[in-house]
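What follows is one structure encoded as structure tokens, with my remarks underneath.
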Amino acid sequence: MGERWRLLTGLSPQTEITQRQGDIPVYIAEGILNNSPLRLVFGRGRVDLLWEGPPPFSDPSEITLDWPKKLHNFRNLAETWFTTFSDSVQRIALGVILRNPVSTLSEGYQLLQSFLPGGCLGSENVTDFLYRVNRPREAQSYPGLRLNRLSEWSVVTTIGYIVRGVNPSSALAQNEQLWAQASFDLNTDANHTKPLEPQAQKAIFSELVDLAQELAIKGVTP
């Protein structure tokens, strides 16, 4: 499997391990590509390609800042996979998490509202808001195949901790940050059980990327 990493990236992985999940061997290769961590995971009947983006953008007024560049880089990486390896594939999925820093809960909700159907946040006195919806579409590149467009919108808090010594009770909270967060899960219909032809896989994935870009720019649309 390390050879696949090298063919995909032109580099050698920094670490390679094989671990077991029950009776299933799982191969994991990790390294750095374009200054961002990349992980390739092989399990039973599944391949995951996980690539963390650069540090989160800092402008709270635009959730899609620098999205085209990140999208372009990952699209090229994944399309190299589909072009290089002719594996039998039944489903294809693309997952995306976007976070934009905000100063207050109200600011986060105001930002999210610009991507959601009008009025769904109601009044300004709102807490614990979570909006989740799937708006499927038929694939243009593969007629008859349904593409799920599941998106989830919320404001979340992350807290970094500093631990001195080996005692977890000495941990000090640092860098608490509010984020307006959008999570996308775009995938082919689970009810489609026939293998997707190799020539169709790249086109379907490209369409999923386009749908993710549409969600990131336009928000929830029919």
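The values are calculated or read from the model by the stated rules, or taken from the named source; none is laboratory data. Computed from a predicted structure; not experimentally measured. Reconstructed Cβ throughout: ideal geometry from the backbone, glycine too, with neighbour counts over all protein chains shown. The accessibility values were calculated without ligands, DNA or RNA, using every heavy atom of the protein model including side chains. Shrake-Rupley method; radii C 1.70, N 1.55, O 1.52, S 1.80 Å.
Applying 1/(1 + (r/R0)^6) with r as the Cβ-Cβ distance of N76 and Q110 and R0 = 41 angstrom yields a FRET efficiency of 0.75. For the peptides 89-96, 105-112, the ranking by packing is 105-112, 89-96, with the highest mean count of neighbouring Cβ atoms within 10 Å listed first.
Please go through the residue pairs K69/K202; K194/K218; K70/K202 and name each one whose alpha carbons sit more than 24 Å apart in this structure. Too far apart for the 24 Å limit: K194/K218.
Could you please put K70, K218 in sequence from largest to smallest accessible area, using a 1.4 Å probe? Mind dumping the intermediate values first?
Details: K70 50, K218 135 Å².
Heavy-atom accessible area, descending, gives K218, K70.
The heavy atoms of F82 offer some 40 square angstrom of accessible surface to a 1.4 angstrom probe. Charge dipole (Cα centre; +1 on Lys/Arg Cβ, -1 on Asp/Glu Cβ; no other charges) of region 179-222 amounts to roughly 20 debye.
For the pair D23 and V47, a Förster radius of 25 Å applied to the C-beta separation gives a FRET efficiency near 0.85, rounded to the nearest 0.05. Accessible surface of W5, taken over heavy atoms with a 1.4 Å probe and every protein chain present, rounds to 10 Å².
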